[in-house]
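To start, the structure itself, in structure tokens.
The values are calculated or read from the model by the stated rules, or taken from the named source; none is laboratory data. Small disclaimer: the values here were computed from a predicted structure and weren't measured. Neighbour counts run over all protein chains shown; Cβ positions are idealised from the backbone, glycine included.
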């Protein structure tokens, strides 16, 4: 079994319901959700004129390959109504693979660990809640330490 950490985000419609539905589909399609962070409301990142997001991190135990996890995550997004129109645009649901065990993957369309996670408060805050001692396999630092070194000033508040 591999521990996979996923970041969920939604800033359109009933944001909480979309996170809840996504977690149900993740359990059905990927494996057991063993931990869930609290839900956090965060300002939009990258495209700051968008509505605020709800974000949550889940830890999943899976036997699926990283590529299959990616395919299933994309299918879940589509099933929930995600339409990809613009980078950093508003979305019903967004699911990012943060970590796939301690593996480092750099393939077309699949980079793990997520290349920006160490720069984003909206990622590190919920991740540090459930896995503060998790080591980033490339940066060789704990999630707690990465969070403490953040320069990102985005407002991230626990609901």
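Structure above, values below:
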{"read-out": "Residue satisfying all of: in the stretch 137-159; at pLDDT 95 or above, closer than 13 Å to residue 123 by Cα and in contact with a helix residue (DSSP H, G or I) (Cβ under 7 Å, 6 or more places away or on another chain); surrounded by the most Cβ atoms within 10 Å (Cβ to Cβ) among these", "value": "143"}
{"read-out": "Residues being under 27 Å from residue 68 (Cα atoms), touching a residue at least 12 places away in the same chain (Cβ under 8 Å) and in a loop (DSSP other than H, G, I, E, B) - total across the stretch 100-159", "value": "15"}
{"read-out": "Members of the stretch 45-63 found to be in contact (Cβ under 8 Å) with a residue 40 or more places away in the chain and more than 19 Å from residue 98 (Cβ to Cβ), listed by number", "value": "47, 50, 51, 52"}
{"read-out": "Hits in the stretch 2-26 - residues which are in contact (Cβ under 8 Å) with a residue 24 or more places away in the chain and under 15 Å from residue 72 (Cα atoms)", "value": "4, 5, 6, 7, 8, 21, 22, 23, 25, 26"}
{"read-out": "Residue in the stretch 42-49 that is surrounded by fewer than 19 Cβ atoms within 10 Å (Cβ to Cβ), modelled with pLDDT of 95 or more and touching a strand residue (DSSP E or B) at 6+ places or on another chain (Cβ under 9 Å) present", "value": "no"}
{"read-out": "Which numbered condition residue 92 misses (of (1) part of a loop (DSSP other than H, G, I, E, B); (2) surrounded by fewer than 18 Cβ atoms within 10 Å (Cβ to Cβ); (3) within 16 Å of the chain's Cα centre (by Cα))", "value": "(2)"}
{"read-out": "Residue tally, condition farther than 16 Å from residue 13 by Cβ, surrounded by 14 or more Cβ atoms within 10 Å (Cβ to Cβ) and at pLDDT below 95, over the stretch 70-89", "value": "1"}
{"read-out": "Subset of the stretch 100-124 (residues that are within 21 Å of residue 37 (Cβ to Cβ) and in contact with a helix residue (DSSP H, G or I) (Cβ under 7 Å, 6 or more places away or on another chain))", "value": "100, 112, 117, 118, 123, 124"}
